[in-house]
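Okay, structure first, notes after.
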Amino acid sequence: MAQQRKIRVLETIRQGKIGGGESHVLDLVASLDKTQFEVVVLSFTDGPMVAALQAMDIPVTVINSHKAFDLSVWKKVKKFIRSHQIDIVHAHGTRANTNILWAARSLGIPVVYTIHGWSFHEGLHPLAKRARVAAEKFITRMVQHNICVSDSNRNTGQKAFGAFRATVIRNGVNLDKFNADGIYPDVKTAYGIPVDHVVIVYIARMTLQKDPVNMLQAFAQVLTQVPKVTLLMVGEGELKQAAEDTARELGITEHVIFDRFRQDVPAVLNAADIYCLPSLWEGFPIGVLEAMAMGKAVIASDVDGTREALTHEENGLLIPASNPDALAAAIVRLVKDPTLRKRLQFSAVTAVRTRYNVAAVTKKIEAVYHQLFKS
C-alpha cells in the first residue's frame with residue numbers, strides 16, 4: 001500500500017515581530033507532526049520571528065505589506081502558494097487573512113482562519129469599527145474553518161455577525177521551553193537589579209491595547225508604599241517613547257528598566273516575581289500563559305479572553321482595565337504578601353500544565369487540517 005503523501009500547510013501571519021499570534025505560530029510549526037505535515041510560513045513583514053523560524057529550519061518567506069486588503073501583493077501571494085503546492089492555508093489574524101484569501105480561493109485551496117483577537121476592538125472611531133466588523137464578517141464567511149482562541153472571542157463574533165460558526169481552540173504553551181523547573185541565565189544580575197528587590201515584569205508590544213502608560217502610573221503609586229521594587233518593561237511599539245517619557249515625568253526612572261524584545265523570554269520571566277498585563281482587550285493572552293507556566297504570580301485586566309485563562313484569587317489576580325489605582329493596589333498586595341504570591345504561583349503552574357499544553361492544542365489543529373484535506 002502506497003504511503004499517503006504529507007499535507008502541505010501554509011501558516012501565514014501579518015508580521016515578523018514577536019507577539020501573541022507570532023508565538024502561537026512558532027509553537028505550532030515546531031509541534032506539528034512532521035510525518036504528516038510539511039509546513040511553510042509566509043510573513044508580511046521581516047523581524048525576529050522570521051529569524052527564529054530560519055533557526056528552526058522552517059521554510060519562511062516575507063512578502064512585504066503593512067495593510068489589510070493590500071491588492072498590490074495578491075498576485076505575489078497567489079504565485080507563492082501555487083509554486084509551493086500548498087494544500088491548506090492557515091491564516092493567523094485579520095491582515096494575513098485579507099491578503100491571502102483571494103489567492104487561496106482562486107486556487108481552490110481551503111483556508112483556516114484563527115482569530116487571535118478581533119480587529120474591531122474598544123477605542124476605535126465608530127465608523128472605523130463598523131468597517132472592521134463588516135470586513136471580519138466577510139472574511140469569516142469566505143473561509144472554510146474559523147478558530148477562536150476563547151469562548152469570549154466566539155461570543156463576540158456571534159453578537160457582531162449574527163450567524164458565525166467557529167471552533168474554540170485555546171492557546172497553549174510549550175512546556176519544554178517555559179519550564180518553571182528549568183535553569184536559566186541570571187537576568188536579574190545582568191540588569192543590575194538589587195538582590196532584595198521584588199521584580200515586576202511587563203513583556204508586551206507597547207501599544208494602546210497593552211496600556212503601558214497606565215502600567216507606569218500604577219507603578220509610581222506602588223513605589224510610594226513599597227520602595228524595594230523594580231519594573232522591567234520588555235517590548236517595542238508605538239507607545240514605547242510615551243512610556244519612557246512618562247517614567248521620566250513621574251521621576252521613577254531609577255526603578256524602571258526598558259529593554260527591546262528579547263528572544264529569551266523564559267529567562268526574563270524566571271527573573272520575575274510578579275507578571276503584569278494591563279490590557280484593554282485580549283483574545284486569549286499567550287503572555288499570561290507563559291508567565292503562569294514559569295510559576296509567576298500574574299496580575300491582569302479582567303477582560304474577555306484573559307478571564308478565561310485566569311481565575312481571580314485562585315491562580316492570579318484580575319483587576320479592572322484602565323485602572324492604575326486597582327493595578328497598584330494588586331501589586332502592593334502581592335509584594336507585601338509572599339505567602340499569597342507563592343500560592344498563586346503554584347496554582348498557575350498547575351493550571352497551565354493540566355489545561356494549556358501546546359501539544360494538546362496542536363493535535364486539535366491537526367484534526368482540523370485532516371478534516372479539510374479529506375473534504
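A short reminder: the numbers here are calculations on the coordinates, not readings from a lab. What you are looking at is a predicted structure, and each value in this text was computed from that prediction instead of being measured. No Cβ is skipped: glycine too gets one built from the backbone with ideal geometry, and neighbour counts run over all protein chains shown.
Stokes-Einstein, applied to the Kirkwood radius of the range 140-186 over Cα pairs at a viscosity of 0.890 mPa s and 25 °C, places its translational diffusion at 187 µm² s⁻¹. The share of C-alpha pairs in the range 1-74 whose separation exceeds 17 Å stands at 45 percent.
Within the straight-line cut-off of under 27 Å between alpha carbons, the lysines reachable from Lys137 are Lys17, Lys67, Lys75, Lys76, Lys78, Lys79, Lys129, Lys159, Lys210, Lys364, Lys374, sequence neighbours fewer than 8 places apart in one chain being disregarded.
Legend: P(r) of the range 286-375 from all alpha carbon pair distances, 5 Å bins from 0, whole percents, reading 3, 14, 21, 20, 15, 9, 6, 6, 4, 2, 1, 0. At the listed q of 0.12, 0.17, 0.26, 0.28 Å⁻¹, the Debye profile of the range 104-181, built from one uniform point per Cα, gives log10 I(q)/I(0) equal to -0.43, -0.73, -1.22, -1.33.
With contacts taken as Cα pairs under 8 Å at a separation of at least 6 residues, the range 147-292 carries a relative contact order of 32 percent. Calculate the length of the line joining the C-alpha centroid of the range 329-353 to that of the range 109-135, in whole Å. Going from one Cα centre to the other spans 35 Å. What the Cβ-Cβ distance of Arg353 and Phe161 gives, at R0 = 22 Å and to the nearest 0.05, is a FRET efficiency of 0.05.
Shape index of the range 42-104: Rg/Rh, with Rg the Cα radius of gyration and Rh the Kirkwood radius from the inverse mean 1/r over Cα pairs, equals 0.95. Distance distribution P(r), the range 187-355, all Cα-Cα pairs, bin width 10 angstrom from 0: 11, 44, 39, 6, 0 percent. When you have a sec, figure out the Kirkwood radius of the chain from all distinct Cα pair distances and drop it here in Å to one decimal? After inverting the mean inverse Cα-Cα distance, the result is 21.4 Å.
One way to sum up the overall shape of the range 66-143 is the equivalent ellipsoid from its Cα gyration tensor, whose semi-axes run 25, 12, 10 Å, largest first. Shown in residue order for the range 27-39 are the 3J(HN,Hα) couplings computed by the Karplus curve 6.51 cos²θ - 1.76 cosθ + 1.60 at θ = phi - 60°: 5, 5, 5, 6, 9, 4, 5, 6, 7, 10, 10, 10, 10 Hz (x for Gly and Pro). The residues Glu136, Glu313, when put in order of fewest to most other Cβ atoms within 10 Å, stand as Glu313, Glu136. Across all Cα atoms of the range 187-279, the radius of gyration (one decimal) and Dmax (whole number) stand at 12.1, 33 Å.
Extents of the range 160-221, taken as max minus min of Cα coordinates on every principal axis and listed largest first, are 55, 35, 16 Å.
In this structure the amide hydrogen of Asn146, modeled in the peptide plane, comes within under 5 Å of the amide hydrogens of Tyr113, Thr167, none closer than 5 places in sequence on its chain. Only one residue of His116, Thr339, Met142 has its Cα farthest out toward the positive end of the dipole of the chain, where Lys and Arg carry +1 and Asp and Glu -1 on Cβ, and that residue is Met142. Can you bin the range 188-242 into rounded, prolate or oblate? Criterion: square roots of the alpha carbon gyration tensor eigenvalues sorted a ≥ b ≥ c, rounded for a/c under 1.5, prolate for a/b above b/c, oblate for the rest. Cα axes put the range 188-242 in the oblate bin. In the chain, helices alone account for a calculated mean residue ellipticity at 222 nm of -13500 deg cm²/dmol, with every DSSP H run of four or more residues adding -39,500 (n - 2.57). Spin-label point model (7 Å from Cα, Cβ direction): what's the Leu340 to Phe138 distance in nm? Distance between the two pseudo-spin positions: 4.9 nm.
Relative contact order, whole percent, for the chain stands at 15, derived from Cα pairs under 8 Å and 6 or more residues apart. Rounded to the nearest whole Å³, what is the per residue volume of the convex hull around the Cα atoms of the range 106-234? Cα-based convex hull of the range 106-234, divided per residue, equals 189 Å³. Of interest is the spacing of the C-alpha centroids, which for the range 157-173 and the range 297-328 amounts to 22 Å. The charge dipole of the range 238-375, taken about the Cα centre with unit charges on the Cβ atoms of Lys, Arg (+1) and Asp, Glu (-1), comes to about 680 debye, rounded to the nearest 20.
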